[in-house]
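Asker: Quick one: the structure is below, and I'll ask about it shortly.
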Amino acid sequence: MQKVFEVAQRRGAWDVLHNQVAFRPCRSKREAIRVAILLGRMQRRMGDDAEIILRGVDGAAQAHRHISAQGA
């Protein structure tokens, strides 16, 4: 199963979203990306694929990273 984690700027902070539901607000973009990557790597350990998407203020995807469960 693939899990989707998004990093998006909202309300003056950076939010980490899991399947479009707010998981954790972060003060900086760097902190939010680190949380999303950590969560993605945890999914790999549980046997699930993960995708991390960095979204801009307009909501468009700026970057993405796929973490495969096969790499575990």
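Asker: Which residues, taken from segment 1-34, are touching a residue at least 24 places away in the same chain (Cβ under 8 Å) and of a type outside the set (Asp, Glu)? Walk me through it before giving the result.
Answerer: Our first condition is that a residue be touching a residue at least 24 places away in the same chain (Cβ under 8 Å); within segment 1-34, this holds for 1-9, 32-33.
Hits for segment 1-34 are MET1, GLN2, LYS3, VAL4, PHE5, VAL7, ALA8, GLN9, ALA32, ILE33.
Asker: Ok, one more. When you scan segment 25-43, how many residues do you find that are among the basic types (Lys, Arg) and closer than 15 Å to VAL4 by Cβ?
Answerer: Residues meeting the conditions: 1.
Asker: Hey, among the residues in segment 44-72 that are touching a helix residue (DSSP H, G or I) at 6+ places or on another chain (Cβ under 6 Å) and not basic (Lys, Arg), which one's farthest from LYS3 (Cα to Cα)?
Answerer: For segment 44-72, the residue satisfying everything is ALA72.
Asker: Considering GLY56, GLY47, which residue is touching a residue at least 40 places away in the same chain (Cβ under 8 Å) and either out of contact with any His (no Cβ under 8 Å at 6 or more places or on another chain) or surrounded by fewer than 17 Cβ atoms within 10 Å (Cβ to Cβ) (or both)?
Answerer: On inspection, the qualifying residue turns out to be GLY56.
Asker: Only residues that are surrounded by 13 or more Cβ atoms within 10 Å (Cβ to Cβ), β-branched (Val, Ile, Thr) and farther than 16 Å from HIS66 by Cβ: list them for segment 1-44, please.
Answerer: Selection gives VAL16, VAL35.
Values in this text are rule-based calculations from the coordinates and carry no lab data. Remember, it's a predicted structure, so these values are computed and weren't measured experimentally. Quick reminder, even Gly has a Cβ in these numbers, built from the backbone with ideal geometry, and neighbours come from all protein chains shown.
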